[in-house]
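Below is one structure, written out as structure tokens, with a few remarks after it.
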Amino acid sequence: MKLAGRVAVVTGGAGGLGGAIALGAAEAGAHVAILDVKGVDEAVAHLRSLGFKAAGRVVDVRDGQAVKVAIEALSAELGPIDTLIAAAGGSLGTPRDLDDISEDDLDLVLDVNIKGTFHCARAVLPFMRQAGRGAIVTFSSIGGRSASPVTGVPYAAAKAGLLGLTRRLAKEVGGENIRVNAIAPGLFLTDRLQGMFDALPEADRREVLDSIPLGRMPNIQECVDPVLFLASDESSYITGVVLDVNGGRFMAG
């Protein structure tokens, strides 16, 4: 019960990896608040059916005012928010290849990943200050750490930019007992990413698998557990870092 007594917001928490993280946070003892653009009612109902305390709001994290209103309402319902897991983001179905990427594709990926994380972090900070503690986990990616064959330039730029956001925010709020860390997963094949991976040329798929020293693709829980570690007091003296979870495919120097 490493998150017992905590109130955790999980953005993108209604499905895929975010849904698994929301369930993991609830199983670890947290009251869970889900923000997503769809599927929120179903995700909250599922958690409640398992006996967990949960609530949620349908929110586009690109809308800072909507995020602020939702966070205020969820904190009133569940208690002062002291944990943010900002999992909303990704390549969002945009093309990989440079010639196919539109300006709208670029705006969507940068806005959801970077602006969305910024809005959510800023909205939860007053409640973390009220609680006297806080943990924020942002979502970078192996695609922001090295040149990945799977995703395109907007995704790489957004995920690299999140590392700068994480470090600067960690420096700014560390003195208030608020920690900010990033996780950089490799390729975890949720339903959406499975389709992207299957659509790659055989050579690109082989390149990904051959570059993983552990020699296999991960299961979802192997991303959930590191996220919960960064959110919990088990990492109480860790801030401003990026935790690579990729089976050794990228090894930081």
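Read the figures in this text as sums done on the coordinates, not as results from a lab. Model, not experiment: these values are computed from the prediction. All Cβ positions, glycine included, derive from the backbone under ideal geometry; neighbour counts span all protein chains shown.
In order along region 35-42, phi translates into HN-Hα couplings of 10, 6, 8, 7, x, 5, 4, 5 Hz, rounded to whole numbers, per the Karplus curve 6.51 cos²θ - 1.76 cosθ + 1.60 with θ = phi - 60° and x for Gly and Pro. On the principal axes of its alpha-carbon atoms, region 7-244 has extents of 51, 39, 37 Å, going from largest to smallest. Protection proxy ranking of 214-227, 171-184, by the mean of other Cβ atoms within 10 Å over each peptide's residues and highest first, is 171-184, 214-227. Tell me the relative contact order for the chain as a rounded percent, counting alpha carbon contacts under 8 Å between residues six or more apart. Across the chain, relative contact order equals 18 percent. Derived scalar couplings between HN and Hα for region 87-104 equal 8, 5, x, x, 8, 6, x, 7, x, 8, 7, 4, 5, 9, 8, 8, 5, 5 Hz in order, rounded to whole Hz, by the Karplus curve 6.51 cos²θ - 1.76 cosθ + 1.60 (θ = phi - 60°), x for Gly and Pro.
For TYR237, TYR155, which order do you get if you count the other beta carbons within 10 Å of each Cβ and list the fewest first?
Numbers: TYR237 6, TYR155 26.
Starting with the residue having the fewest Cβ neighbours, the order is TYR237, TYR155.
Computed from phi, the 3J(HN,Hα) profile of region 127-137 under the Karplus parametrisation 6.51, -1.76, 1.60 (θ = phi - 60°) reads 6, 5, 5, 4, 6, x, 6, x, 9, 10, 10 Hz, with x in place of Gly and Pro. Put simply, the amide H of ARG6, placed in the peptide plane, has neighbours under 5 Å in HIS31, leaving out anything fewer than 5 places away on its chain. Between the Cα long axis of helix 221-231 and the first principal axis of the chain there is an angle of about 40°, rounded to the nearest 10. Just from its helices, what would the mean residue ellipticity at 222 nm be for the chain, if runs of 4 or more DSSP H residues each count -39500 (n - 2.57) and the sum is divided by every residue, rounded to the nearest 500 deg cm²/dmol? Computed mean residue ellipticity for the chain: -13500 deg cm²/dmol. Amide H contacts for LEU243 (H built 1.01 Å from N in the peptide plane; partners 5 or more residues away or on another chain; cut-off under 5 Å): ALA182, ILE183, ALA184.
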